[in-house]
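Written out below as structure tokens is the structure these notes cover.
No value in this document is a laboratory result; all are computed from the given coordinates. This structure is a prediction, so every number in the text was calculated from the model and none was measured. With ideal geometry, Cβ positions are generated from the backbone for all residues, glycine too; neighbour counts draw on all protein chains shown.
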Amino acid sequence: MPLDTILMGLVILAGFYMAWNIGANDVANAMGTSVGSGALTLRQAVFVAAILEFSGAFFFGSHVSETIQTGIVDVQTFASQPHLLVFGMLASLIAAGVWLQIASYYGWPVSTTHTIVGAVVGFGVVAGGIDAVHWGNVGFIVSSWVLSPLLGGIFSFLIFTFLRKTIFYSTNPLEATKKITPFIVFVVVLILTLVLILSGLKNMHLELPLWQSALLSVAVGLIGAYFSKYLVKNITVNTDPQTSHSTPDLEAIASIDKAKRYLLQARPAFSGEMQYRLTDILDEVDTFKHSLKKTENLDAVHSEYSTVERIFGYLQIMTACLMAFAHGANDVANAIGPLAAAVGVLQTGVVSNSSIIPTWTLALGGIGIVVGLATWGWRVIETIGKKITELTPTRGFAAEFGASTTIVLASCFGMPISTTHTLVGSVLGVGLGRGIEALNLTMTRDIFISWLVTVPAGTAITVAFYYLFKFIFI
């Protein structure tokens, strides 16, 4: 069998293996807040991710894939020995997949972008020397790793603070939620539609003028806002019949007042210690009555807030869709970039700076991501959704919307940012909105340590596989 045929098969398998591990580790980050807050079950999260992750990868993935493919290593360094580039990209895919599989097994939310960029840089240095790496581009990518959690945290903090002031501090939280919901839906739908039109149609060579794209996106956003206003219009406070039976009503409190009046009428008939004990009883009755009123008020407030959270549960599903789409668009590059570079060399026999990314590679990456989430994604979902800070649908919405907006903007600029960094930063931002004590600082520390280990781990494993392939095939 010809060498190129063998290498082509290995590269395709390695690309799918890498995409599978992206799904197992990073898609859990995209859907973890939704599962952690209870807005989606694990099965529902897999279904949502299957559609949106694949759509983001297929329609929008090529922008960032080009950065991973040729923006990190100067591929012309290998023009005289093109198979070395194939060995390096193959080694990068396998090494990154191995490290991600280890991390996913233990539930560590590491960065797939860190892993693949570190792997490609490691291969570039050992195979082509220091000058083979585009250090300026690497610096740009590294800066995005710092900016992405910072921006995600800021966006999410501001969103959560805005929701808390406009809804939870209002005299009527449910009515405030009904008023703000159409605006939230409008923004979410507008962003998702604009991304799909500007980038998805571009990849399909069906571009529209910018003003038409903006007008169409606004129209779709307004339609979404109209339907959301209609859907929340008739929502009332959710009351639990069992709770209502155990909660004292006004008649019960009136009966206590009546008993108190009888005790007051009887007190003059007693003297000394008996009158003193009766006075204590009256004080206890007052305290008991106050507690009952407080309980009644708390139950009413709890019912209203529960209804608000129920509405935001649906809104969080929308942001989960945006997050999944944004993740598929950005992180499919971690599998498809090296795959496309190697496929280009094997098909043409030459190294090119502008290799066309085949459509089937985007489809392969999208399928691999979905399969990875469906099989191993639950391992990291628990860490992101439950172990950093306590999440409710409102908090989860703020975290996901802030993170997805950051990721979409980064994808537009070709920045292969870390979804893990962005979402963890967003969750931390929401947690800080409630005070530092709301964060699990031990888990946060462990996540940061795993981030530091990821780059050298990916680099070391890549170097080992690169020399192994050279030994086998040369």
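Table for the structure above
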read-out	value
Ranked list, fewest to most other Cβ atoms within 10 Å of each Cβ, for E304, E390	E390, E304
Footprinting exposure proxy for L192, L346 (fewest neighbouring C-beta atoms within 10 Å first)	L346, L192
Cβ crowding within 10 Å averaged over residues, with 213-222, 106-115, 336-345, 398-407 ranked highest first	398-407, 336-345, 106-115, 213-222
Residues with amide H under 5 Å from that of V73, placed H, sequence gap 5 or more	H134
Cut-off 13 Å between beta-carbons: net charge of the residues surrounding T161, Lys and Arg +1, Asp and Glu -1	+4
Summed side-chain charge close to S404 - residues other than S404 whose Cβ falls under 13 Å, Lys, Arg +1, Asp, Glu -1	-3
Taking H421, H83 and counting other C-beta atoms within 10 Å, the order from fewest to most	H83, H421
For region 78-152: rounded, prolate or oblate by the Cα gyration tensor [a/c cutoff 1.5]	oblate
